[in-house]
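Colleague: Have a look at the structure that comes next, please.
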Amino acid sequence: MKQNSPAAAPAKSLAHRLAADIRRDIISGYFAPGTRLKTEVLTERYAVSASPVREALWRLEGEGFIVLLPNQGASVRVVDDDFVRNIFEIRSVIEPLFVGRFCRRCSSADIDRLKEAAEKFRQAGTHPIDTDAMDRHNRDFHAIMIEEEPNEEGIQVIERYGDLINAVRSQHRMTEGRARMRIVEHAAIIEAIAKGDVELARQASRDHVLAAGEDFLEQMRQSRRKIHKLNR
């Protein structure tokens, strides 16, 4: 059997770490949507050669974080309305499957943990809203339901695009109205799971995802309107 050369593994490891560093800078907003990612800039910032930069960019293109165009190079993906709709449409299929499986296997202790995370989310969403705490407890709430999920590829899809969506969402403040709706939606998911009603749990999850998508799109529209007014 053909063996990889000793240098191959370190090179791949470097490209993997570099992709993680660039991904983190995209998520944090250091590289804004639409920013050109020039090789010379990346080699200087991360103190690496051009070769691992190219491999890291290929990885990030596959993950959807950047766009590679012939004769134009790489740029950070612009998150537009169509992209957001597509991502939430994908999530509206995958997440209900996970919730349905969780409903079948969960214990009373798991349900108690869900309730605890939902209550912390509710408290953070009470005026005044603590957006950072809400995001943290929301992640905890959903993470409980995929802890033993066997479909790792599906989880990776959700997490991969979730990071990109969250990077954009962090630029928009959640309204109190949307916070209240999320609280209600979490309660509906918990109620269905506690009843052991798989189909109802799936539907509650799907409704939750689609509502989040519509809210996100509306936040983007409002931001565009504000920018348009400022530029008039």
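Colleague: So for F102, F83, fewest C-beta neighbours within 10 Å to most, what's the order? Could you put the intermediate results ahead of the total?
Modeller: Values: F102 23, F83 16.
Taking fewest neighbouring Cβ atoms as first place, the list is F83, F102.
Colleague: Taking the Cα centre of the chain as the origin, how large is its charge dipole in debye, to the nearest 20, when only Lys and Arg (+1) and Asp and Glu (-1) carry charge on their Cβ atoms? Don't skip to the end; give the middle numbers.
Modeller: Values: 37 positive and 36 negative charges, 158 e Å.
For the chain, the charge dipole is close to 760 debye.
Colleague: Could you pull out the longest piece of the chain with no exposed loop GluC sites (Glu not before Pro) in it, calling a site exposed if DSSP puts it outside H, G, I, E, B and it has at most 12 other Cβ atoms within 10 Å? Can you show the working numbers first?
Modeller: Values: sites that count: E147, E148.
Looking at the chain, 1-146 is the longest stretch - no exposed GluC sites (Glu not before Pro) with at most 12 other Cβ atoms within 10 Å.
Colleague: On to the next question. Neighbouring Cβ atoms within 10 Å as the yardstick, rank K38, K120 fewest first. Write out the running numbers ahead of the final one.
Modeller: Numbers: K38 13, K120 17.
Starting with the residue having the fewest Cβ neighbours, the order is K38, K120.
Colleague: Given the -39500 (n - 2.57) contribution per DSSP H run of 4+ residues, what per-residue ellipticity at 222 nm results for the chain, rounded to the nearest 500 deg cm²/dmol?
Modeller: -25000 deg cm²/dmol
Colleague: For Y46, Y30, Y161, what ranking results if the residue with the fewest other Cβ atoms within 10 Å of its Cβ goes first?
Modeller: Listing Y46, Y30, Y161 from fewest to most nearby Cβ atoms yields Y30, Y46, Y161.
Colleague: Picking from L210, L18, A143, whose Cα lies most toward the positive end of the charge dipole for the chain (charges on Cβ: Lys, Arg +1; Asp, Glu -1)?
Modeller: Result: L18.
FYI, it's all coordinate maths here, none of it is from the lab. This structure is a prediction, so every number in the text was calculated from the model and none was measured. Here Cβ is always computed from backbone atoms with ideal geometry, including for glycine, and neighbour counts include all displayed protein chains.
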